[in-house]
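The values are calculated or read from the model by the stated rules, or taken from the named source; none is laboratory data. Since this is a predicted model, take the numbers as computed values, not measurements. Note that each Cβ is placed from the backbone with ideal geometry, even for glycine, and that neighbours are counted across all protein chains shown. Only protein heavy atoms, including side chains, enter the accessible area calculation; ligands, DNA and RNA are left aside. Shrake-Rupley method; radii C 1.70, N 1.55, O 1.52, S 1.80 Å.
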Amino acid sequence: MRKNITTLIKEGIVLGDGGYLIELERRGYVDSGSGREKVGTGKGSGQFTPEVAIENPEALRELHREFLRAGSQVLQALTFFGTREKLSRAGYGAQTEQINSAAVRIAREVAGDNALVAGSVSRTQLFEREGPSAAAHARDQLAEQIRLLKDAGVDFLMLETFFRLDEMLIALECGRASGLPIVATLSFRPRITKCSDGHAPAECARAMAEAGAIAVGANCEQEPERMIPLLRQMRDAVKVPIAAQPAAFRTTEACHSFTRMPAFPDELETIQIARGRFFEFAQMAKNEGIGYLGGCCGCNAAYIRSLARGLAEPSTK
Ligand SMILES: [Zn+2]
């Protein structure tokens, strides 16, 4: 019998996995959308959507295997951007059920009894497109996807890459209704001082913990070094463990968000950071109140293996 995430996280640092969409885009299976419009304008036509789960399942299976071999204790089903409206913009709305259930099934096949399977749920992009009146629409979209993930049999929910606290709190409410444990991480941009609707990291952490998340934190957008100060602010504000899944791309003092850098998405290779920074991050994590550690965009299995080594080896400082 697999241990559940709530137990696992109490026993020590849980090692998650890396980023799927950018890695699969590099391997030729995911559309970055860069040929169609400027990514990040909120007017996307479906870039970085997860239809690979039904169109090239073997590619997804292989990436899961690599993360598992690298030491991941959790495999995230590739259901990121898997809400019906977002998939519709990519031309896959009618396959919403199929994509979500296939992604969970593939992750489970690879995980077997060796890893937990998390259902990944991210922002709908509706707030960016429709403004604050999007709340009800976003709620319907998130509730539907969470139902699909629960039906598909995920072990817990990973609410991630939300830019706004208000939308995250809607997702947490939908998640609570499922009864599944929830890890909740926001992405801070363009700077680490505030999320997109203006709340500081400490305030976000408190709100997410009060809303029932078993671990709260940040994912994506920054490299480990830049993410650390915001993680510390969160850690000092809550009693639950901190979850951290940084990106493997270098940001600048002026812009703390790699998706806002000119290199995104077609020149990401020029801002890739070395896996060694993830080894160092794992060494530090042991003293930073971090309970869930993984990687986001730009992290392939080599980065996860570096995290695993960093956790296993005695800290040098
Ligand atoms: Zn990411």
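Of the numbered conditions (1) in contact (Cβ under 8 Å) with a residue 40 or more places away in the chain; (2) assigned to a helix (DSSP H, G or I); (3) in contact with a Gly (Cβ under 6 Å, 6 or more places away or on another chain); (4) over 20 Å from Ala202 (Cβ atoms), Arg277 fails exactly one; give the number of that condition.
Evaluating Arg277 over (1) in contact (Cβ under 8 Å) with a residue 40 or more places away in the chain; (2) assigned to a helix (DSSP H, G or I); (3) in contact with a Gly (Cβ under 6 Å, 6 or more places away or on another chain); (4) over 20 Å from Ala202 (Cβ atoms) leaves (3) as the failure.
Quickly run through segment 132-166 and pick out the residues that are within 25 Å of Val117 (Cβ to Cβ) and among the basic types (Lys, Arg).
Arg139, Arg147, Lys150 - these are the residues of segment 132-166 that are within 25 Å of Val117 (Cβ to Cβ) and among the basic types (Lys, Arg).
Scan segment 211-231 for residues that are within 13 Å of the ligand (Cβ to nearest atom) and on the phi > 0 side of the Ramachandran plot and jot them down.
Cys220, Glu221
I'd like the full set of residues that are among the aliphatic types (A, V, I, L, M) and within 16 Å of the ligand (Cβ to nearest atom), limited to segment 232-254.
Ala243, Ala244, Ala247, Ala248
In segment 284-312, what residues are within 16 Å of Gly217 (Cα to Cα), assigned to a helix (DSSP H, G or I) and within 14 Å of the ligand (Cβ to nearest atom)?
none
What residue, of Thr259, Thr270, is hydroxyl-bearing (Ser, Thr, Tyr) and more than 19 Å from Thr161 (Cα to Cα)?
Thr270
Can you tell me which residue is nearest to Gly93 (Cα to Cα) among those in segment 51-81 that are open to solvent by less than 10 Å² (accessible area, probe 1.4 Å) and assigned to a loop (DSSP other than H, G, I, E, B)?
Filtering segment 51-81 for residues that are open to solvent by less than 10 Å² (accessible area, probe 1.4 Å) and assigned to a loop (DSSP other than H, G, I, E, B), the one nearest to Gly93 (Cα to Cα) comes out as Thr79.
Within segment 23-45, does at least one residue satisfy the condition of being aromatic (Phe, Trp, Tyr), at pLDDT 95 or above and either away from the ligand (no atom under 16 Å from the Cβ) or assigned to a helix (DSSP H, G or I) (or both)?
no
When you scan segment 128-143, how many residues do you find that are in a helix (DSSP H, G or I) and either open to solvent by 60 Å² or more (accessible area, probe 1.4 Å) or not hydrophobic (A, V, I, L, M, F, W, C) (or both)?
The qualifying residues number 10.
Tally up the residues in segment 96-127 that are in a helix (DSSP H, G or I) and surrounded by 18 or more Cβ atoms within 10 Å (Cβ to Cβ), please.
Adding up the residues that qualify gives 14.
Given the structure, is Gly179 surrounded by fewer than 22 Cβ atoms within 10 Å (Cβ to Cβ), more than 16 Å from the ligand (Cβ to nearest atom) and either closer than 24 Å to Asn100 by Cα or not aromatic (Phe, Trp, Tyr) (or both)?
yes
Regarding segment 149-162, can at least one residue be identified that is within 16 Å of the ligand (Cβ to nearest atom), closer than 30 Å to Arg277 by Cβ, outside any strand (DSSP E or B) and open to solvent by less than 10 Å² (accessible area, probe 1.4 Å)?
no
Against the definition (modelled with pLDDT of 95 or more, touching a Ser or Thr at 6+ places or on another chain (Cβ under 6 Å) and open to solvent by less than 20 Å² (accessible area, probe 1.4 Å)), how does Ala247 come out, yes or no?
The answer is no for Ala247.
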